[in-house]
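Below you'll find the structure, written out as C-alpha cells, and then a few comments.
Derivation of every value follows stated rules applied to the coordinates shown; laboratory data play no part. These numbers come from a predicted model, not from an experiment. Note that we place each Cβ from the backbone using ideal geometry, even for glycine, and neighbour counts take in every protein chain shown.
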Amino acid sequence: MLSSSLLAWLRCFEAAARHHSFTRAAGELCVTQGAVSQQVKHLEQWLGCPLFVRTPGALVPTPEGERLRVVLRDAFEPIEDVLGQLRRRGEAGPLSLSCSPSFAMRWLTPRLGSFFRDHPDIGLRVQGEFQTLDRGRMLREGIDAAVRFDPGAYRDVRARRFLDEWLLPVASPAFVAAHPELRAPADLRGELLLHDASPWDGAGEFDEWGAWLEQAGVTVAGLEQGQRFNLSQLAIGAALAGQGIAMGRTALVLEDLQAGRLVDLFGLHVASEAAYYFVCAQAQSPQAAAIEAWLLAEGAAFLAERDRWRKGGGKARTPATRQRGPRGKRQ
C-alpha cells in the first residue's frame, strides 16, 4: 500500500495539517502551493473522505484528518530522529547553533571564549537568525541546537529557558543632556523612540514599547513616527549614536549601562513576556548537552550580576538631578 505516490501524499498532508496552511507547507517542502493542495486532494480521493475543512483563514482537520495527523506525527518523528542522528554521525564538522542575531552579537559571542577553553574538542558554528523553529526544520536543515528570544510556545522540540529579560528605555548621555525635558515617562514623544520592529518572530512592531508604556501608566501618541529597525542591535546602535531612545533588554545593554555609554532613562524596569530559550530536537547530542549546561551557568552568572546592578540602583544617571515620574520607581 505504501507506494511512493502515497508516501508523497501523506508527507504533504502532514505538513499542511501541522501548519494549517497549504502555503506554509509548500514553503517547508520547497514545492508550489498548488502541488501540495493537489497531493492532498489525491489522498482524500484515495481514502474516500475529506481530511480538511477549508476555511478562509486556515485549514481545519476533519475528525478523520486529525486521526491521520496524529498517527503520521508519531510515525515521522522517530524516523526523522534516526535520520538526523545517522547524518550527524557521518559528519565530523562543527555543531550548528542557530541564535537570535542581537543576542549572538552582544551577549553570546563575547562569552564564547570560556566555552572553547572548557571544551576545546567541540567545534561550534553560530548562525544568526530568529525565525520560528520546529522539529522538522531543525532536522532537515541540520540545526543541532538554537537560542531564541520569544515567549516560548514550543510544541515538538525541547526548549529550556535559561535567561529572563527586563525592558528599560536607554539613551546616550549626550542625548539625555540635549533633552532635559525628559524627566518622566509622560514626557516621551513618538518621534524620539527607536523600535526593534521584530523582537521575535510573530511579534508586533511596537509590542516592547507598548508593554513598557502600559506599566508606566502613560500613552505616547505617534509611536509610528520613531525609527524602526529589524534587530534590537541596530536600535541600540542608534541610541549609542545619540539618535533617540531605544527599548533596551538588560542582556544586550547592561555592559553599556555599567560603562556609562548608555543611560537608564527612568529607572523603571518591566519584565518582558519573552525570554531566552535553548532549543534542540528531542534526541540531544553530548555536544549540544555541553552547550546547554554552559548556557545555564553563564545565564546564572549574568542574572547575579544584573541583580546586583539593579539592587544597587545602577550607574548614576546623567544629569544627576533628573527626576522620576510618579510611577517611575525602580521595580
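Relative contact order of the chain, please, whole-number percent, based on alpha carbon pairs below 8 angstrom and at least 6 residues apart. Result for the chain is 20 percent. Approximating the spin labels as points 7 Å out from Cα along Cα→Cβ, the GLN284-to-ALA259 distance works out to 3.3 nm. Distance from the Cα centroid of region 1-64 to that of region 234-289 is 40 Å (rounded to whole angstrom).
If you count the DSSP beta bridges with both ends in the chain, what percent of them are antiparallel, to the nearest 5?
Working: 21 of 34 bridges.
If I count the DSSP bridges inside the chain, around 60 percent turn out antiparallel.
About its Cα centre, region 4-89 has a charge dipole of approximately 220 debye under the convention of +1 per Lys or Arg Cβ and -1 per Asp or Glu Cβ, with nothing else charged.
From the gyration tensor of the Cα coordinates in region 1-83, what semi-axes in whole Å does the equivalent ellipsoid have, largest first, with each one equal to sqrt(5λ)?
Result for region 1-83: semi-axes of 18, 15, 13 Å.
P(r) tail for region 213-292: Cα pairs beyond 16 Å make up 65% of the total. Site pair ALA58 and VAL218 shows an inter-label distance of 3.8 nm when each label is modelled 7 Å from Cα along Cα→Cβ. Shape analysis of the chain yields a ratio of the Cα radius of gyration to the Kirkwood radius, Rg/Rh, of 1.06. Relative to the dominant Cα principal axis of the chain, helix 4-19 is inclined by about 30°. Ordering 223-235, 56-68 by mean Cβ neighbour count within 10 Å, with the highest value first, yields 223-235, 56-68.
Counting only DSSP H runs of at least 4 residues, each contributing -39500 (n - 2.57), and dividing by the residue count of the chain, the helix-based mean residue ellipticity at 222 nm comes to -13500 deg cm²/dmol.
Listed from fewest to most Cβ neighbours within 10 Å, the set ASP156, ASP134 follows the order ASP156, ASP134. The H on the amide N of HIS195, modeled in the peptide plane, is under 5 Å from the matching H of GLN227, ARG228, PHE229, each at least 5 residues off or on a different chain. Residues within the reach of a label modelled at VAL70 (point 7 angstrom out along Cα to beta-carbon, backbone nitrogen below 19 Å), restricted to region 29-50, are 50.
The distance between label points at ALA159 and ALA293 comes to 2.5 nm (points 7 Å beyond Cα on the Cα→Cβ vector). Normalising by residue count, region 166-272 has a Cα convex hull of 87 Å³ per residue.
Residue by residue, region 25-36 carries 3J(HN,Hα) couplings of 5, 4, x, 5, 8, 6, 10, 7, 4, x, 5, 5 Hz when phi is fed to the Karplus relation 6.51 cos²θ - 1.76 cosθ + 1.60 (θ = phi - 60°); x denotes Gly or Pro.
Under 5 Å from the amide H of VAL126 lie the amide H atoms of LEU97, each residue being 5 or more positions distant or on a separate chain, with H modelled from the backbone and absent for Pro and chain starts.
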